[in-house]
Amino acid sequence: MLRGSDSYRARRPWPRATQSAPDRTRTLPATCAGHLRHEEPALPPEKSVTAENRLLAALPPAERRRFLAGCEQVGLAFTQVLVEPGDSVRHVYFPTTGSVSLVMPIEGHAGLEVGLIGDEGMLGSSLALGVQVAALRAIVQGGGFALRMKAVPFQRELLECPALQDLMKRHVQALMWQIAQTAACTRFHTLEARLARRLLMSQDRAHSGGFHVTHEFLARMLGVRRVGVTRAATLLQDRGMIRYSRGDVTIVDRAGLEAASCGCYRACKEIYARTLGRCRRLPASRDAG
């Protein structure tokens, strides 16, 4: 059973990471991460990774091969901070097996999660709009792997690949819709429904029945006290929808969890399907090859 603490009301905001070398891992405190070691996971064999970012899979084959040739495979560690507001966007990330939370910092508070990116999307899409400064904090929520490209080569690919331009427009539209939906959800829906939605979103991006996330981390993402998440998760657990142990969540009754969530979960899935589902029909550019 989950245990909460009233001491959570005294929590401190996420620490503002200092400017560091581009490849240096920045992580959140151990209290938020469940006392995990913040090490990038070892990369699996190359053939098993160039995997499955669904956004890149929508590129025509020749253009996809060219794009992937400019990417590197990187590990994503739970609570790793990839970028802070005001940082220059030096890389774009295309998660394959991990997921990244987008957080709006609020002075005097821990901040609030406004979006979640997995293998359906990318981090750094502001470059497609000509904006080179990050507006949100990006924190790894689900450890795993991503394909990464430096900003300058990515912008060059955008100029040379109309299919990639179209893909980025669709992704930005879907992400903006998710952010707006999350804002409305935070204002109008119960914590239990929001938690159910958040767990479903995490499972979708983990592609498995279970995943790791602490109730401290969830509380910060949802903008509530940890004891509130504890109570809501206990209700879901008592109703046989989830199991929770030492930060490991297992979805036992997905249909029940979907029924317990708000309509925002289904709405987000539908908008991504409508906006990005057509991307697989993108035609190749004339000069591709």
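What follows draws every value from the coordinates through simple rules; no lab data is involved. Since the model is a prediction, treat every value here as computed from it, not as a measurement. Cβ: placed from backbone, ideal geometry, glycine included. Neighbour counts: every protein chain shown.
Between GLU52 and ALA184, with labels modelled 7 Å along Cα→Cβ, what's the label distance in nm to one decimal, could you check?
Those two pseudo-labels are separated by 3.1 nm.
Can you tell me the Rg and the Dmax, both Å, for the Cα atoms in the stretch 190-261?
10.7, 28
Using the count of nearby Cβ atoms within 10 Å as a rough guide to exposure, how do MET221, MET241, MET104, MET176 rank from fewest to most?
Fewest-to-most Cβ neighbours within 10 Å comes out as MET176, MET104, MET241, MET221.
Semi-axes of the equivalent ellipsoid for the stretch 115-161, please: Cα gyration tensor eigenvalues, times 5, square-rooted, ordered largest first, whole Å.
21, 13, 9
Under the rule of at least 5 residues apart or a separate chain, name every residue whose amide H is placed under 5 Å from the amide H of VAL83.
ALA138
Return P(r) of the stretch 124-190 (all Cα-Cα pairs; 5 Å bins starting at 0; whole %; ordered from short to long distances).
3, 13, 18, 23, 20, 12, 6, 3, 1, 0
Determine, for TYR265, TYR272, the number of other Cβ atoms within 10 Å of each Cβ, and report the residues in order from fewest to most.
Listing TYR265, TYR272 from fewest to most nearby Cβ atoms yields TYR272, TYR265.
In the stretch 181-205, which residues have a backbone nitrogen under 12 Å from the label point lying 7 Å from ALA267's Cα in the Cα-to-Cβ direction?
Label zone hits: 181-189.
Separation between the ALA255 and GLU160 pseudo-spin-labels, each 7 Å from Cα along Cα→Cβ, expressed in nm?
According to this spin-label approximation, the distance is 5.1 nm.
So for each of 191-204, 76-89 I average, over its residues, the number of other beta carbons within 10 Å; can you give me the resulting order with the highest mean first?
191-204, 76-89
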